[in-house]
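Shown next, in structure tokens, is the structure this report addresses.
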Amino acid sequence: MSKQYDAVIVGAGFGGMGAAIQLRRLGYRDLLILDREDDLGGTWHVNRYPGLAVDIPSSTYSYSFEPNPYWSRLFAPGAELKDYALHVAEKYDLRRSMRFGATVTRAEWDGSRWTVGLDGGETVTATYLLAATGFLSQPRTPDIDGIDTFRGDVVHTAAWDDACDLAGRRAAIIGTGATAVQLIPELAKAAAELTVYQRTPIWVSPKPDYAVPRALQTAFARIPQTQRLVRLLGSAVLELMMISGVIHYRRFRLANRLAERWCRAHLRRQVSDPELRRKLLPDYSFGCKRPTFSNDYFPAFTRPHVHLETSGISRIDETGVITADGRRTDIDVLVLATGFNLWDVNFPAFEIIGRDGKNLGEWWRENRFQAYEGVAVPGFPNFLSLNSPYSYSGLSYFTTIESQMKHMDRLFTAMRRRGSRVFEVTQRANDDFLARMTEKVGQSVFALGQCATANSYYFNQHGEATLLRPTSTVNAHREAVGFPLTDYTYA
Ligand code: NAP
């Protein structure tokens, strides 16, 4: 008979590790953390393209209960995030609960426990199931005519090949999202020619990035309150941007306009050619899709060997890319910075069958994408979906993780106080939450701004912006520690 775990957590990134730390604090010892990759760290294990860095200040982009005084920069390089993940796993003794190379394909509730199926046929069982599979974990390969016939090197940013040497070679990159913004300046340094295929421009603001002096790191280590203050400041600025620029757009439209002006001025300062500027300037409202920070993205386009192509890709053949107006560019290397598929394959990332055979993926698609407080779904007992519709709160993912840890604390404590082992969110609580989120999205830039041309992954296939929680992070925190316990049933 296979071993019965207290909980199976799918995903060994920061979300899954936060959930495991919380479950251990609650006294659950028999945990199994499954991950399809060969090590922990999630996004920060998988992504290692040149230029990778966090684009949220590092003192904020980390667990509040596990500050790292030694970030080398205000926006730390990606490798430091991976090291931080390793440190957290070591300190909280998580690795012994982890299994790698374990791809979960299916999970089913049988009335008292979850049976979790792995690629290869093995099954494990657990009382609780937590999906922490990330939002940006299913890389998107563009469906461009002829792409499979290309004979040169093809590399997706989420599967970077360190052996791929660009020196002296002709490269092309498809995509101009936050990843490409970090990568393009690095590609421009190495490649002999670089052609950037842009479909939708991105809002880019200056990046106030500085090396953290050794003396300040020492101060952070010796007097943790100093770093807490920096974290608080960083969180306050991000919160202000999110609340005034995106969520409360109806009330603070001016703040959104100011953010746009700030980005326009940045572009004007860095690019003198009006035609190039026109091509790089978004025509949708700030915040409709994720903006980013960079000081070296725009200047890369002013270099003579970097070409911005905006006429659209018609097809790719064995040796190059052909645009809609019939021009071809021969290349040696094709870089796909084409992001991730969220709504077709990632909600949920594996088949989840709840009570009475309810299929989560089908239910979300046939109804609306929804999850009570971004974590629980009616019909799915003992299941928490940490990457759900309306779960992403604020700009730093750690805000979401820690709110969810608090939600878990309140929920599991209440359940055990009642002598119960099974929880399920009520339909009424879920419906009320969905109605409230829908009303709030109606006040945001997603409903009131010009988002039609943004091509934003914040919107699902039904045209609803259901990824971000349209409230302040303070509200998310307040509800995580104070939601009505009657919003769940216990058995
Ligand atoms: P993304 O924002 O989804 O951007 C994908 C890009 O590829 C877009 O420019 C998209 O154009 C383009 N594209 C996709 N399919 C295409 C096609 N068939 N033909 C032409 N262009 C195509 O993905 P990403 O840049 O990887 O970023 C994803 C998210 O990761 C970011 O929004 C951010 O949340 C996160 N990120 C974070 C950091 C960090 O430091 N914390 C760094 C990088 C990324 P359209 O816009 O027209 O669809």
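In the complete set of protein chains, residue-level accessible area for Leu74 is approximately 50 Å², probe 1.4 angstrom. For Arg231, Arg95, Arg436, Arg25, the ranking by accessible surface with the largest value first comes to Arg25, Arg95, Arg436, Arg231, using a 1.4 Å probe. Solvent-accessible area of Lys289, all protein chains in place: 40 Å² (probe radius 1.4 Å, heavy atoms, ligands and nucleic acids excluded). On the protein heavy atoms, probe 1.4 angstrom, tell me the percent of accessible surface of segment 75-153 carried by carbon and sulfur. Heavy-atom surface of segment 75-153 belonging to carbon and sulfur, 1.4 Å probe: 45 percent.
Among beta bridges from DSSP that stay inside the chain, the antiparallel ones total about 40%. Our estimate of slack between Ser456 and Lys91, defined as 0.36 nm per intervening residue step minus the Cα-Cα distance, is 127.6 nm. Legend note: in the chain, cysteines whose Cβ sits 4.7 Å or more from every other cysteine Cβ are Cys164, Cys263. A probe of 1.4 angstrom, applied to the heavy atoms of all protein chains, finds His266 with accessible area near 10 square angstrom.
The distance separating the Cα centre of segment 108-144 from that of segment 193-245 comes to 33 Å. For segment 67-137, GluC sites (Glu not before Pro) meeting the loop criterion (DSSP other than H, G, I, E, B) and having at most 14 other Cβ atoms within 10 Å: Glu122. Which distance in Å, rounded to a whole number, links the C-alpha centroids of segment 347-382 and segment 1-56? Their Cα centres are 21 Å away from one another. Dipole magnitude for the chain: computed about the Cα centre from +1 point charges on Lys and Arg Cβ and -1 point charges on Asp and Glu Cβ, it is near 1900 debye. Close lysine pairs were tallied over the chain: pairs 8 or more places apart or on different chains with Cα atoms under 25 Å apart number 12. By the helix-only formula, in which each DSSP H run with n ≥ 4 contributes -39500 (n - 2.57) and the sum is divided by residues, the chain has a 222 nm mean residue ellipticity of -10000 deg cm²/dmol. Computed from the Cβ-Cβ distance with R0 of 25 Å, the FRET efficiency linking Leu485 to Ser64 stands at 0.50. Along the chain, counting only chymotrypsin sites (Phe, Trp or Tyr not before Pro) with a DSSP assignment other than H, G, I, E or B and at most 13 other Cβ atoms inside a 10 Å radius, the longest segment between sites is 211-491.
Label-to-label distance for Thr226 and His305 is 4.3 nm, based on points extended 7 Å past Cα in the beta-carbon direction. Full extension of the chain segment joining Asp38 with Ser112 gains 23.5 nm, where the gain is 0.36 nm per residue of separation less the Cα-Cα distance.
For the chain, the solvent-accessible area with a 1.4 angstrom probe is 42 square angstrom per residue. For the set Ser137, Ser396, solvent exposure ranked by accessible area (probe 1.4 Å, protein chains only) runs largest to smallest as Ser137, Ser396. Distance from the alpha carbon centroid of segment 148-178 to that of segment 261-340 works out to 16 angstrom.
The values are calculated or read from the model by the stated rules, or taken from the named source; none is laboratory data. All values derive from a computational prediction rather than experimental measurement. Cβ coordinates were reconstructed from backbone atoms using ideal geometry, including for glycine residues, and neighbour counts include every protein chain displayed. The protein model used for the area step is the full one, side chains on, heavy atoms only, and it has no ligands, DNA or RNA in it. Shrake-Rupley method; radii C 1.70, N 1.55, O 1.52, S 1.80 Å.
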